[in-house]
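*Asks:* Dropping a structure here in structure tokens format, bear with me for questions.
Derivation of every value follows stated rules applied to the coordinates shown; laboratory data play no part. Only a predicted model underlies this, so the values are computations on that prediction, with no experimental measurement involved. Every residue, glycine among them, receives a Cβ derived from its backbone with ideal geometry; neighbour counts consider all protein chains shown.
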Amino acid sequence: MIRTVNPGVARGRLTPPSSKSYTHRALVAAHLCGRSASVLRPLDSNDTRATARGLAALGSRVRFAADRWQIQPARKATDRRRTIDCGESGTTLRFLTALAALSDRPVRLTGQGRLPARPMSDLYDALRTLGARISTEHEDRALPCTIRGPISAGRIEVRSDETSQYLSALLMALPRVEGRSEIRLRGPSVSRTYVQATCAVLDAYGIRIAIRPRAYRVDGPQTFRAAAFTVPSDASSAAYFWAAAALTGGSVTVTGLDRRWPQADLALLDILRRMGASVRSERFATEVTGPVRRGISVDLTNSPDLYPLVGVLAAGVPGGRSRLRGAAHVRLKESDRFAATARIVRAMGARVDTAGGELRILGTGAPRSISLRDLDDHRVVMSAAVGALVAPSPSHVGDARAVRK
């Protein structure tokens, strides 16, 4: 489905939907309670539904209502192999891989789109060290795979330079394992704020994690408190409206964001300030007023999902020179977001140099209309739509169905 995006100035006031990252984490924690627990204000999306369906395959009963998903105690287990389709959700895959390793019955995981080719070997190796048996059906792909536990407590090492989801998955599962486990990190850490979000959710469910430099200690078994968890509003969704205001010279106020919950994409506010936009924040309301006036040099290692959006902002600063550094793992997302960002920037009429694994962007004072009809990564599609707002005539961006993710 191709969307036509007309040029215009972004103005308004809005409350964003609930956070997808927190919905995933709350669903997993509710499942691990072993008792009835509620997730309030969940984000209903393709990815969160994939996690909910996966938890049902692992034994929980999930009842869906508009503002409450109820996770019921596990049904009586069966001996048959269970299959989980993770859709295109990397979070679902990593989290449910670790949960599957808690069971002494085989669980088969599959996926769609680019998911079977996304990195998993380091998480598999960590779980094998703890006693899981994991087999894949293709040598060059992570999926389909079959996992059988149960795992035991122990010391493991995981890469922290590809994704933070390996660590988050282990932190969610290991509190249910008897004994002391220690997770050591290998390589520079990426997406640290997402790990902070995991620890915040675990804390809300009564789970204690000992955090040390480059290591995490988990004592078990611990009991997940059967809490009613209210999912906070989503900074990721808000980011596109703030960016639209900054790029077009408009003004957008986002309400309802609780800063007590860590969210990586709140980093955009500092980026917008540095680029010359006005940012005014109160506790539950933040107003961004454009335009952006200067380029930026920024390391996006801990906020990799902002990569395409910051690229679009940089492209729209007339004569501004920007440098997007770090975040090498953006190539391993739903699409190669490094290449996709460069493509959008060029489509807008800006110049970009991709040498050295960085994007060096020279912004344009004469943006062009965008015609990118084959985009299928939700972050890339939404970023291109923001860039289209400063075009001289309507742009065509797709696939719009990707934003359902």
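*Asks:* What's the FRET efficiency of Val9 with Arg141 using the Cβ-Cβ distance as r and R₀ = 51 Å, to the nearest 0.05?
*Replies:* 0.65
*Asks:* In the chain, what percentage of the DSSP-assigned beta bridges are antiparallel, given to the nearest 5?
*Replies:* For the chain, the DSSP antiparallel bridge percentage is about 70.
*Asks:* When the Karplus curve 6.51 cos²θ - 1.76 cosθ + 1.60 is applied with θ = phi - 60°, which whole-Hz ³J(HN,Hα) does each residue of segment 227-241 get, with x for Gly and Pro?
*Replies:* Those phi angles translate into 8, 8, 9, 9, 6, x, 5, 9, 5, 4, 5, 4, 4, 5, 6 Hz.
*Asks:* Now a separate question. Just want to confirm a number: the relative contact order over the chain, from Cα pairs under 8 angstrom separated by 6+ residues, in percent.
*Replies:* 17 percent
*Asks:* Separate question: When the helix-only estimate is applied to the chain (DSSP H runs of n ≥ 4, each -39,500 (n - 2.57), divided by the residue count), what is the mean residue ellipticity at 222 nm, nearest 500 deg cm²/dmol?
*Replies:* -9000 deg cm²/dmol
*Asks:* Let me ask something additional. Ranked highest first by average number of other Cβ atoms within 10 Å, how do 122-130, 366-374, 83-91, 168-176 line up?
*Replies:* 168-176, 83-91, 122-130, 366-374
*Asks:* Quick query: amide H of Val177 versus all other amide H atoms, modeled in the peptide plane; which residues come in under 5 Å with a sequence gap of 5 or more or a different chain?
*Replies:* Gln222
*Asks:* While we're on this one: So if each residue of separation counts as 0.36 nm, and I subtract the Cα-Cα distance between Glu178 and Ser278, what length gain in nm does that give?
*Replies:* Separation in residues times 0.36 nm, less the Cα-Cα distance, equals 30.9 nm.
*Asks:* Then there is this: Which of the three applies to segment 20-230, rounded, prolate or oblate, going by the alpha-carbon gyration tensor with a ≥ b ≥ c and a/c under 1.5 meaning rounded?
*Replies:* rounded
*Asks:* For the chain, set up a Gaussian network in which alpha carbons nearer than 10 Å are linked by springs, and say which option among Gly319, Gly54, Gly290 fluctuates the most.
*Replies:* Maximum fluctuation in the GNM of the chain, among the listed residues, is at Gly319.
*Asks:* How much net charge surrounds Ser233 when only the other residues with a Cβ under 9 Å from the Cβ of Ser233 are counted, with Lys and Arg +1 and Asp and Glu -1?
*Replies:* Result for the local shell: -1.
*Asks:* Considering amide H positions built from the backbone, and no H for Pro or chain starts, which residues 5 or more places from Cys145, or on another chain, come under 5 Å of its amide H?
*Replies:* Amide H neighbours of Cys145: Leu109.
*Asks:* Now for a different question. Once you've got the GNM for the chain with C-alpha springs shorter than 10 Å, pick whichever of Ala52, Ala239, Ala267 has the biggest mean-square fluctuation.
*Replies:* Comparing Ala52, Ala239, Ala267 in a Gaussian network model of the chain, the most mobile one is Ala267.
*Asks:* Cα gyration tensor of segment 102-209, axes a ≥ b ≥ c as square roots of the eigenvalues: rounded (a/c below 1.5), prolate (a/b > b/c) or oblate?
*Replies:* oblate
*Asks:* Just to confirm the number: angle between the C-alpha axis of helix 20-33 and the first principal axis of the chain, 0 to 90 degrees, nearest 10?
*Replies:* Tilt relative to the chain: about 10 degrees.
*Asks:* Roughly what would the spin-label model give for Ile211 and His396, points 7 Å off Cα along C-beta, in nm?
*Replies:* 4.8 nm
*Asks:* Separate question: Report the label-to-label distance for Asp299 and Arg225 in nanometres (one decimal), using points 7 Å from each Cα along the Cα→Cβ vector.
*Replies:* 3.6 nm
*Asks:* Considering the options Ala227, Met382, Leu58, tell which one lies farthest towards the positive end of the dipole of the chain, charges being +1 on Lys and Arg and -1 on Asp and Glu at the Cβ, about the Cα centre.
*Replies:* The residue sitting most towards the positive pole is Ala227.
*Asks:* Helix 337-347 sits at what angle to the longest principal axis of the chain, using alpha carbons and giving 0 to 90 degrees rounded to 10?
*Replies:* Between the helix axis and the principal axis of the chain, the angle is about 20 degrees.
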